[in-house]
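See structure below.
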Amino acid sequence: MLATGPQLQAQSDSLRTLLLNVEDSRTIDRQRLAPLVSALRNPRPEIRLLAVRALGRFERPGLIGNVEGLLRDQRPEVRAEAINALGQIDKGSDGESKDLRGGARKSHARVLQILRARVGAERDVEVLGVLAMTLGRIDHNSLSETEQSESAILQVVEQTRARPDALVNAMRGIESLIRLRGQNGSDVRARSIAMLRRTVKSVTGTDERAAIIRRLAIGALASAGALDSAIVGSALGDADAQVRRLAILGIPKRGTFRAQAAFYRSGLRDPSATVRLEAVRGAASGNDCAFTAAVNDLSAAVAIEATDLLGSHCKDEAAAILGPFTRQLLDSTGAMSSGPYHRSQHALVVYATIAPQSAKSLLAQFASHRDWVTRTYAARAAMALGDAATLRLLANDPNDNVRDVAVDGLHRLTKHEDDSLFMAALARRDYQLVRTAAGLLEGTPERARAASALLRALQRISSEHRENSRDARVAILTRLNDVGTGALVDSLRPYLTDFDPKIAGMAAQLMTRWTGKPVVPKPRPQRVAPLSPAALDSLNGIDLMIRMARGGTIRIRLFPEEAPASVARVVRLARAGYYNGRTFHRVVANFVVQGGSPAANEYTGDGPFMRDEVGMRSHSRATVGISTRGRDTGDAQMFVNLVDNPRLDHDYTVIGEVVDGMNVVDGILEADVMEQVQAVARR
């Protein structure tokens, strides 16, 4: 009997779920990969696309042959995904290819050869755009390699000029190539510079695609050090704020540059805060004290940036400007006032460097403030003042983030005089603090005591069976390598079968060193919870809604078709109330805001690791990504891109995009609270 329409759909859904679960497991063996390899021949293009995308995310050079066949697929979207998969596979040999090891070097050369050959064979302009983008993002090993790819990308740029979507991807390719090439110290050929300058002038209009093309061209010129006065002057009149920001950012900071100061001063008057902030940085770099007026900017981000820069520029004006800010926390009765404290926090730290006596009179009140973030800034100020007594007080703070800053500052002042405090910090629950404390014990004279404290911390944290404890445990094992002895061999033996292969490998290395005999790790990874068709179906038509405690809401359109496992995790956690009351603990102006940690720091999140689901979508302004500390190490912390961040592309998963409330995101300050995060029906 032939399958009916509903039966065929059920079979397709079941196969789709199987493929996603194989991808999410990241298990490399012939049997486990068989469904993906078989799906490359499936008659349904959406299945072939899923399979080749998954193989790319494994980042294994041995899979090149499986992927290459789909470059001739009849469907352009499948060919585009296969091209992107080859670029991702090449990342898997980055470290080895730089050492020019035989197998990795051959795989890298093969990927480049395959992609360049497709430039002449491919007829679909959208696919050509993906080809150029992929060639540009590959980490080339020589000037010859980059020049060949550069020629291929420039060819595609000319072929796609009449198709904006394809041209955007081609320009992403040349921007990546030049940005990465600049870091390697190679010159950019005149042909590319001429094309970029022509593009800046010729691509006009206010639509988003035209603006993105100009941003990429300006960014590439800046990376190449090829901006001139004419281009900057023209760009500062662009309707797009990010074009104006990139023009300010690209002004050379050294040597002579006509109208440099005038450009910065023009930027200080720009209606966009993102441009003013970049102009503050530029003006300060040239010691133009016009930037000091920005400490009163209506944008808190701009004001904070100007405040921070007063510590190293225009010091004569700084003391008079910062004094009132540091007293803003005090009301008429001398008690600490309520409300946002951010400018005062930053001002205190700078004040401590330029007017230490005045800052000392305020430090105690900051150190006893009820807001823990303010106490972290008190710790930073105490370090600048050389106040070890205040740091010792804060090293016993109820909040581990305060302790983290305090012990780090204390070590800078007293070195190993306070090792007892660092060892005590190892007993705390916070992974960031444990990681910091383990690092501070490097070179301790109390090796036996430190080894005992480190081992206890390792045992306690490991018993929690949380994959995102890796950084803390790596720090502990690194320090045990310094202070431990062969007497600890039996204590480390259980970690040979640890759930984290990295920890098992480190334990084996330590034991081998101490015993002089090869010890082989046998890790037992934790099982990845499988996705179900029902769970995937529940993601359809779902947005994420964040209501901020200071007011305002942020609506995020999720991309379950691009990052199903990541979106499923975030939605499940939101429905369970996991994010309610969490903070945005990391706020980097003109970069990202990041939050969702139970401990309000980089190192604590949801326990199981999330597998990266990187794709072709760029980290443009308003996109939402998953924070990681290495490949496949997401722990459900999210970040929002405040500007276009192409350097994050293909390294961090994009799960969605802010479609309402980006003005709220722009106003987020450090430790702002997400009062409620909900999964809601799409409007």
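Side notes on the structure shown:
- Percent of Cα-Cα distances greater than 28 Å, calculated over the stretch 533-681: 7 percent
- For peptides 16-28, 486-498, sequence by mean Cβ density within 10 Å, most packed first: 16-28, 486-498
- Prolate/oblate/rounded call for the chain, Cα gyration tensor, a/c under 1.5 rounded: oblate
- Under Karplus coefficients 6.51, -1.76 and 1.60, residue-wise ³J(HN,Hα) of the stretch 561-572 in Hz, glycine/proline x: 6, 9, 9, x, 5, 5, 5, 4, 5, 5, 5, 4
- Per-residue Karplus couplings for the stretch 349-354, computed as 6.51 cos²θ - 1.76 cosθ + 1.60 with θ equal to phi - 60°, are listed in order as 5, 5, 4, 5, 8, 10 Hz, Gly and Pro entered as x.
- Near residue 297, the amide H atoms lying under 5 Å from its own belong to 303; only residues 5 or more places off or on other chains count, and H is placed 1.01 Å from N.
- Selection from 405, 14, 164, by position along the positive dipole direction of the chain (Cβ): 14
- Here the gap between residue 588 and residue 147, fully extended at 0.36 nm per residue and compared with their Cα-Cα distance, gives a gain of 155.3 nm.
- Loop-located trypsin sites (Lys or Arg not before Pro) in the stretch 208-308 whose Cβ has at most 16 other Cβ within 10 Å (DSSP): 253, 254, 258, 269
- Residues with amide H under 5 Å from that of residue 621, placed H, sequence gap 5 or more: 644, 645
- Peptide packing: for 511-524, 428-441, the average count of neighbouring Cβ atoms within 10 Å per residue gives the ranking 428-441, 511-524, highest mean first.
- Helical mean residue ellipticity (222 nm; -39500 (n - 2.57) per DSSP H run of 4+; nearest 500) of the chain: -17000 deg cm²/dmol
- HN-Hα J in Hz across the stretch 309-315 - Karplus 6.51, -1.76, 1.60, θ = phi - 60°, x for Gly and Pro: 6, 5, x, 10, 9, 6, 5
- For the chain, lysine pairs with C-alpha atoms less than 25 angstrom apart, excluding pairs fewer than eight positions apart on the same chain, total 10.
- Mean Cβ neighbour count within 10 Å, used as a protection proxy, ranking 550-558, 617-625 highest first: 617-625, 550-558
- Spatial offset of the stretch 123-184 relative to the stretch 509-554 amounts to 33 Å, using the alpha carbon center of each.
- In this structure, the amide hydrogen of residue 580, modeled 1.01 Å from its nitrogen in the peptide plane, lies closer than 5 angstrom to those of 677, counting only residues at least 5 positions away or on a different chain.
- Across all directions, the shadow cast by the convex hull of the stretch 311-515 built on its C-alpha atoms averages 13.0 square nanometres.
- Kirkwood's formula applied to the C-alpha pairs of the stretch 227-309 gives a hydrodynamic radius of 12.3 angstrom.
FYI, it's all coordinate maths here, none of it is from the lab. Every value quoted in this text rests on a predicted model; they were computed, and no experiment measured them. Note that we place each Cβ from the backbone using ideal geometry, even for glycine, and neighbour counts take in every protein chain shown.
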